[in-house]
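Have a look at the structure below before the remarks.
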Amino acid sequence: MRILRAPELPLDGPPPPGGRRVDESTPPGTPWRFLLWLASRRKGLAAAALVTSGIALGGLPILPYFLTGAVDEGLAQRDWGALVGWSLGLVAAGGLFAAMIVWSHRLTVYWRMDASYRTLQLATRKVNRLGDELRRKVTTGQVVSVGATDINRISWAVDSLSPSAGCLLGLVAVGILLFNTSVALGLTIFIGVFAVGLITGPVLSKLQASQERYRERVGDITDRASDIVSGLRVLRGIGGEDRFNASYREDSEALREAGFKVAGPTAWLNALGEGTPAILLGVVIWISASQVASGDLTPGQMVAAFGYTGALMLPVHWLIGCTYRIIEGRVAAAKVCELLAVPEREAPEQILPGPAEGAELHDPESGLTVNGGELLAVASADAAQIAEVFDRLGGYADSEARFGTVPVAAIDRDELRRRVLVADHDAYLFAGTVAAAVAARDGEGRVEAAIEAASAADVVEALPHGLDTRLDNQARTLSGGQRQRLRLARAIAAAPETLLLREPTSAVDSHTEARIVDRLAEARAGRATAVATTSPLWLGRADKVAYVHGGKVIATGSHHDLVAGHPDYRALVTREAA
């Protein structure tokens, strides 16, 4: 059964209980602009976080200024009142900056979580809108990596913006204070910071390229892992488990090599973050000591210069770490932008209400018509052709299909999904109790009847807790035939007006299939049901059979008439029976 699309969350509608309204402006399609767009959605919060971070980190270098007064006016002059005053000023300033750090961190966490939720919402809505097209246009690894890794890295990139701004203000403050103390000291700091910037630029470019390659490898190995897990039973059955494990090990080696290439630029950044302040501190101490010896500086000014330069260690260290996070966020934002840029089917210009109940479904491209109240069997040597026809009738592909007199493409999507259900034989089974899996779409009161109609009562009875037994996703502990019957029960319990079934009994034995055919015909009496099959049991029980060849309906009638009048149909059915 197709994964039903959940109603889209209106980003500009009423806020959720306890939540906040989120705007629905279109995000940019480039990584850097996307990050800036995320950061600017809550302008008040962003401004508050930046201001408090600027006060907290930009103001820290000011603290040594109080040491100058305490040493020169208090200790040197033996003025205890001045010493107490400067000391109290130092304590008050330290308390203020500590409070600003706490508030800055608190606001930054809100800012980060807003960006994380917003990105998650955008990705979820995109996946929701793609619906059945998702698997054809996006790999599993892409979607999983976005949800598991990229959203988190984007949030930390936004989280790094406010401390980065504060650290930059701190660097400027140190330079200004040192210039005020000594021109030579100020020039030393600005030349040192400029040199670090020249070195850091190429390192950041290399880091970004390494991160992009690493992220590609993460997506590849996630794809490989999901393929192995979903096909593990088959792989063991054909003896291919070792071969795919070897492929996974090769992908793991490639991922490790890509990780090693990320480590090099990261190590250089960490070295710059740790080493640059220490080098500058040594140079400043040497220059300031020389100036104190020559009488150009007072001891208090030398202590302050030491404090100013020492205050560089925290901003530089944080700035390097924040830069690394922002680069990671840029790479992750590129992957989110790729997902958001996946083309979708164009929305109809006008949404029309569906026809009255009992209307026929018609696909002009193939000529297939599903009339209300009949059991129609659709036979073809190419199952993919029938899948395409059903997709058009169910609104999963662009077409000129009509539901009564209304174009399928123009019907409200929720109404169409409620009235027309396309059920695949290998549709996904979600984890949970058997009852919840079967009653996936408001079918709680029809679970037992649907299980009986799908001849799945023996499956439920064999489980330890019956309908309350919890199954993992895809119900891998059950056999293929048992899972297929649960899928069919879910489709029956949904009770759509028109049910389109693709090979619903391909994995069960003929005796079980015969029971299912009779019970489903009885359960669906008075409602339109089309079954894509070449099984004589379905063909013989159907009210009408449509024979499809080359994507077109070339004959319709009873199974007996088609066997007698169409050699190709007879050959197809005979091979199926054999």
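Just a few scattered comments:
- Percent accessible area from carbon and sulfur atoms, the stretch 308-384, protein chains only, probe 1.4 Å: 55 percent
- The stretch 261-357: Rg to Rh, with Rh as the Kirkwood radius over Cα pairs: 1.52
- Cross-link reach is defined here as a Cα-Cα straight distance under 29 Å, omitting same-chain residues fewer than 8 places apart; for residue 206 the lysines meeting it are 261, 335.
- Karplus (6.51, -1.76, 1.60) ³J(HN,Hα), θ = phi - 60°, over the stretch 351-363, in Hz, Gly and Pro reported as x: 8, 10, x, x, x, 5, 4, x, 5, 8, 9, 9, 10
- Å² per residue, accessible surface of the chain at 1.4 Å: 48 Å²
- Amide H to amide H, with H built 1.01 Å from N, residue 531 comes under 5 Å of 376, 377, 378, 501, counting only residues 5 or more places away or on other chains.
- Which of 131, 37, 55, positive extreme of dipole for the chain (C-beta unit charges): 55
- Degrees separating the helix 313-340 axis from the principal Cα axis of the chain, which is the longest one: 20 degrees
- Trypsin sites (Lys or Arg not before Pro), loop per DSSP, at most 10 other Cβ atoms within 10 Å - longest free stretch of the chain: 79-578
- Sequence-distant residues sharing a close amide H with residue 555 (under 5 Å, placed H): 547
- By accessible area with a 1.4 Å probe, ligands and nucleic acids excluded, highest first: order of 199, 55: 199, 55
- Estimated inter-spin distance, residue 129 and residue 477, nm [label 7 Å along Cα→Cβ]: 4.0 nm
- Cβ-derived FRET efficiency at R0 56 Å, residue 144 paired with residue 522, nearest 0.05: 0.85
- Residue range of the chain that is longest and free of chymotrypsin sites (Phe, Trp or Tyr not before Pro) which are both DSSP loop and sparsely packed (at most 16 other C-beta within 10 Å): 1-427
- Label-point separation, residue 293 to residue 560 (7 Å along Cα→Cβ), nm: 11.8 nm
- Treating r as the C-beta distance of residue 187 and residue 257 and R0 as 56 Å, the FRET efficiency rounds to 0.80.
- Theoretical gain in end-to-end length, residue 96 to residue 109 [0.36 nm per residue, Cα-Cα removed]: 2.7 nm
- Based on C-alpha pairs under 8 angstrom that are at least 6 apart in sequence, the chain has a relative contact order of 16 percent.
- Label-to-label distance, residue 433 versus residue 452, with points set 7 angstrom from Cα along the beta-carbon direction: 2.0 nm.
- Proximity of backbone amide H atoms, modeled 1.01 Å from N, is registered between residue 365 and 400 at under 5 Å, excluding neighbours fewer than 5 places apart on the same chain.
- Ranking by accessible area, most exposed first, for 73, 344, 400 with a 1.4 Å probe: 400, 73, 344
- For the chain, the 222 nm mean residue ellipticity estimated from helices alone, with every DSSP H stretch of n ≥ 4 adding -39500 (n - 2.57) and the total spread over all residues, rounds to -20500 deg cm²/dmol.
- Solvent-accessible surface ranking, highest first, for 198, 501 at 1.4 angstrom: 198, 501
- With Rh defined as the Kirkwood radius, the inverse of the mean 1/r over Cα pairs, the Rg/Rh of the chain is 1.18.
The values are calculated or read from the model by the stated rules, or taken from the named source; none is laboratory data. Being a predicted model, the structure only gives us computed values, none of them experimental. Virtual Cβ from ideal backbone geometry, glycine too; neighbours counted across all protein chains shown. Side chains are part of the model used for accessible areas, which takes the heavy atoms of the whole protein and leaves out ligands, DNA and RNA. Shrake-Rupley method; radii C 1.70, N 1.55, O 1.52, S 1.80 Å.
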